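Beneath this line is the structure, given in structure tokens, with notes to follow.
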Amino acid sequence: MRVSVDWDSNPINIWHLDKPVLENLLQHLKSNGVRRHSIVMHDRERDGFLFFVYEEMEPQLVLAWEQSR
């Protein structure tokens, strides 16, 4: 299953069913300079987990992470 990124929301929200997947993605983003983000948390509206990014971010960062998985 792919990570879902809502680029149109403010802040950007990133969702997946598995918490470890998001923790891995968040670590990748942090190592590539993304500093303003939330922790990974349970999504109360639907099953799964999400985190928020509070700054602009290049979509290529997520694509590169997906390709390296």
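Residues that are outside any loop (DSSP other than H, G, I, E, B) and either among the charged types (D, E, K, R) or surrounded by 12 or more Cβ atoms within 10 Å (Cβ to Cβ) (or both) within the range 47-69 comprise Phe49, Leu50, Phe51, Phe52, Val53, Leu61, Val62, Ala64, Trp65, Glu66, listed in sequence order. Cβ-Cβ distances below 9 Å connect no pair with a first residue in the range 10-32 that is at positive phi, a second residue that is exposed (fewer than 14 other Cβ atoms within 10 Å of the Cβ), and a separation of six or more residues or different chains.
Laboratory data are not the source of any read-out in this text; all were calculated from the coordinates shown. For clarity, every value in this text was computed on a predicted model and none was experimentally measured. Glycine also receives a Cβ, built like all others from the backbone with ideal geometry; neighbour counts cover every protein chain displayed.
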